[in-house]
Amino acid sequence: QHLIDAFRAIDCVKIYGPGAGQPRVSTLSINIGELPADQVGAMLDADHAVCVRPGLHCAPDVHELLGTVSQNGAVRFAPGYFTDKEDLQQAVEAVRSIVED
């Protein structure tokens with residue numbers, strides 16, 4: 001929920017998945033403006049040491065429905081049991097930095 005709330009507060013970030021109050025898993029997909037997902041993924045990795053999975057995620061029909069094919073899919077964050085608040089904040093700051101550039 002921390003990522004969702006933080007990403008909602010950043011202009012240009014589009015969050016995909018169930019709406020507020022709906023059940024969901026911890027996996028979260030986003031796009032930043034019109035930037036290609038693979039470019040965002042490379043920037044998060046190389047410039048911010050944040051590991052994500054950009055792309056179509058073996059679901060091209062879903063991306064066709066979402067309208068994200070033109071951006072090469074979406075950027076998927078997958079926090080797990082050992083992901084702490086510091087890790088989440090690093091991801092949020094990285095996305096904010098990309099938006100501001």
Go over the candidates Ala46, Ala20 one by one and state the one that is among the small types (Gly, Ala, Ser) and within 18 Å of Asp101 (Cβ to Cβ). Ala46
Condition met for His63 (assigned to a helix (DSSP H, G or I), touching a helix residue (DSSP H, G or I) at 6+ places or on another chain (Cβ under 9 Å) and without any contact (Cβ under 8 Å) to a residue 40 or more places away in the chain): yes
I need a count of the residues in the stretch 70-93 that are open to solvent by less than 50 Å² (accessible area, probe 1.4 Å), free of Cβ contacts under 8 Å to residues at least 60 places away in the same chain and under 17 Å from Arg8 (Cβ atoms). 2
Taking the stretch 70-91, which residues are under 13 Å from Val40 (Cα atoms) and part of a helix (DSSP H, G or I)? Gln71, Ala91
Just give me the residues in the stretch 13-38 being outside any loop (DSSP other than H, G, I, E, B) and either aromatic (Phe, Trp, Tyr) or free of Cβ contacts under 8 Å to residues at least 12 places away in the same chain (or both), in sequence order. Tyr16
Given (1) in contact with a strand residue (DSSP E or B) (Cβ under 9 Å, 6 or more places away or on another chain); (2) open to solvent by 50 Å² or more (accessible area, probe 1.4 Å); (3) more than 19 Å from Asp84 (Cα to Cα); (4) not in a helix (DSSP H, G or I), index of the condition Ile10 fails: (2)
Only one residue in Arg96, Arg53 is surrounded by fewer than 18 Cβ atoms within 10 Å (Cβ to Cβ) and touching a residue at least 60 places away in the same chain (Cβ under 8 Å). Which one? Arg96
Qualifying residue in the stretch 59-69 (condition: crowded, with 17+ Cβ neighbours inside 10 Å, in contact with a Gly (Cβ under 8 Å, 6 or more places away or on another chain) and modelled with pLDDT of 95 or more): no
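The values are calculated or read from the model by the stated rules, or taken from the named source; none is laboratory data. Here the structure is a predicted model, which is why all the values come from computation and not from measurement. Cβ coordinates were reconstructed from backbone atoms using ideal geometry, including for glycine residues, and neighbour counts include every protein chain displayed. Heads up: the accessible areas ignore ligands, DNA and RNA and are worked out on the full protein's heavy atoms, side chains in. Shrake-Rupley method; radii C 1.70, N 1.55, O 1.52, S 1.80 Å.
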